[in-house]
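For reference, the structure is listed below as structure tokens.
The values are calculated or read from the model by the stated rules, or taken from the named source; none is laboratory data. Just so you know, these numbers come straight off a predicted model, no measurement behind them. Glycine gets a Cβ as well: all are built from the backbone with ideal geometry, and neighbour counts include every protein chain shown. Accessible surface is based on the protein model in full, side chains and every heavy atom, while ligands, DNA and RNA are left aside. Shrake-Rupley method; radii C 1.70, N 1.55, O 1.52, S 1.80 Å.
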Amino acid sequence: MKESDLIKIEAIQIAEAFNIKKIRAEFGVEAYSSSPSEIFYTLGNKKRYLYIFDYGVVVFANYAETKKKELLLFLQNYASTAVHFDLSEEYRIEVDKSLSKVVIKNDYVLVPYIDPSVLRIVMLNIGQSVALDYYEILTDELISSSREYILELEKRGKLSISKIDLLKYIGKVLNIKNSIVDNLYILDDPNLVWDNEDLNLLNLHLKTNFDINPRFKDLDYRLAIVEDNLRLFTDVLNVRESSRLEWIVIILIFMEIMIALLFH
């Protein structure tokens, strides 16, 4: 296979979010297409392609390792809350002009032709897959930590976590959920597939290959479990606080009675 018939793609999650507006203004190259949430570049005669998403994912196509490292350093200036997990995914596009339709494999896709629209669809789905990897890690951590509190309830019949720590934990859960909800659009079909049957088919096959929709549903299910646990923890904490207030009231009444007896 000729080198021109093969495009190597890599998606990397490097932050929780990118400032797309600033990147577009300061990158120094006119974007092939862009929106408030993403930018797609086709770069010169070297046939490099770049897709940047505001949920902290960058996707490279035909990038040499040195150029990739340079760009990652550049993008760190526009990132908020760096991601320290090793989150990346590789894929490739192979061109076979004898094909009449796309053929999807686990680690590559065969297409009868290639153009920027095809690149965008493939790079978009790989970027979505990496973003879902990140949210899966975050929700796993939340479930693991809530499981510890549940085991404590089972063994001791009470929670040792303080009110402040519980509120911090609730804030962390809500922050993650809001981040996922804010990025719900990552599951939306791009506009360019609406009037193109070939691109729509490619997009659907890739979504199936990367399990995009089932994985998102699983995320939603896990967050629902964590929210149920939060309600339980909050109820336990409220009971604890209520019991404490009751004892304070009892002690105050007792002190009032003792004072009344002493002065009479």
If a residue has to be under 28 Å from HIS84 (Cα atoms) and loosely packed, with under 12 Cβ neighbours inside 10 Å to count, how many in the stretch 148-167 make the cut?
3
Residue check, SER80 against (1) in a strand (DSSP E or B); (2) within 24 Å of ILE212 (Cα to Cα); (3) touching a residue at least 60 places away in the same chain (Cβ under 8 Å); (4) not β-branched (Val, Ile, Thr), all met but one. Which one?
(2)
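If you take the residues in the stretch 41-77 that are in a helix (DSSP H, G or I) and aliphatic (A, V, I, L, M), which one is nearest to ASP5 (Cα to Cα)?
Applying the first criterion (in a helix (DSSP H, G or I)) to the stretch 41-77 yields 65-77.
Going one step further and asking which of them are aliphatic (A, V, I, L, M), we end up with 71-73, 75.
Values: LEU71: 25, LEU72: 26, LEU73: 29, LEU75: 29 Å.
In this case the residue turns out to be LEU71.
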Hits in the stretch 164-221 - residues which are acidic (Asp, Glu), within 15 Å of the chain's Cα centre (by Cα) and at pLDDT below 85
ASP182, ASP188, ASP220
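So, of the residues in the stretch 33-61 that are open to solvent by 10 Å² or more (accessible area, probe 1.4 Å) and in contact with a Leu (Cβ under 9 Å, 6 or more places away or on another chain), which turns out to be modelled with the lowest pLDDT?
Taking the stretch 33-61 as the starting set, the residues that turn out to be open to solvent by 10 Å² or more (accessible area, probe 1.4 Å) are 33-38, 42-49, 54.
The next check asks that each one be in contact with a Leu (Cβ under 9 Å, 6 or more places away or on another chain); those that pass are 33, 38, 42-43, 49.
Values: SER33: 91, GLU38: 92, THR42: 92, LEU43: 87, TYR49: 94.
Applying the filter and picking the extreme gives LEU43.
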Note: among LYS22, LYS69, LYS8, just one is touching a residue at least 40 places away in the same chain (Cβ under 8 Å), charged (D, E, K, R) and within 21 Å of VAL130 (Cα to Cα), namely LYS8
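Looking at VAL111, VAL122, can you tell me which residue is surrounded by 13 or more Cβ atoms within 10 Å (Cβ to Cβ) and within 20 Å of the chain's Cα centre (by Cα)? Even if it seems obvious, please write down each step before you answer.
On the way: VAL111 fails: within 20 Å of the chain's Cα centre (by Cα).
Sole residue among the options that is surrounded by 13 or more Cβ atoms within 10 Å (Cβ to Cβ) and within 20 Å of the chain's Cα centre (by Cα): VAL122.
Of SER144, SER160, SER117, which residue is part of a loop (DSSP other than H, G, I, E, B) and of a type in the set (Ser, Thr, Tyr)?
On the way: SER144 fails: part of a loop (DSSP other than H, G, I, E, B); SER117 fails: part of a loop (DSSP other than H, G, I, E, B).
Result: SER160 is the single residue among SER144, SER160, SER117 that is part of a loop (DSSP other than H, G, I, E, B) and of a type in the set (Ser, Thr, Tyr).
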Give me the pairs, please: first residue somewhere in the stretch 212-230 and within 22 Å of ILE126 (Cα to Cα) and open to solvent by less than 40 Å² (accessible area, probe 1.4 Å), second residue anywhere and of a type in the set (Ser, Thr, Tyr) and not in a helix (DSSP H, G or I), beta-carbon distance under 6 Å, and either six or more positions apart or on two chains.
none
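Against the condition more than 19 Å from ASN196 (Cβ to Cβ) and open to solvent by 10 Å² or more (accessible area, probe 1.4 Å), how does LYS105 come out, does it pass?
Values: more than 19 Å from ASN196 (Cβ to Cβ): yes; open to solvent by 10 Å² or more (accessible area, probe 1.4 Å): yes.
Yes, satisfied.
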Looking at (1) in contact with a helix residue (DSSP H, G or I) (Cβ under 6 Å, 6 or more places away or on another chain); (2) in contact (Cβ under 8 Å) with a residue 40 or more places away in the chain; (3) closer than 22 Å to ASN203 by Cβ, find the lone condition where SER37 falls short.
(1)
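Taking the condition closer than 25 Å to ASP5 by Cα, in contact with a helix residue (DSSP H, G or I) (Cβ under 6 Å, 6 or more places away or on another chain) and surrounded by 11 or more Cβ atoms within 10 Å (Cβ to Cβ), does ILE170 pass?
Working: closer than 25 Å to ASP5 by Cα: no; in contact with a helix residue (DSSP H, G or I) (Cβ under 6 Å, 6 or more places away or on another chain): yes; surrounded by 11 or more Cβ atoms within 10 Å (Cβ to Cβ): yes.
Here the answer is no, as ILE170 does not meet what is asked.
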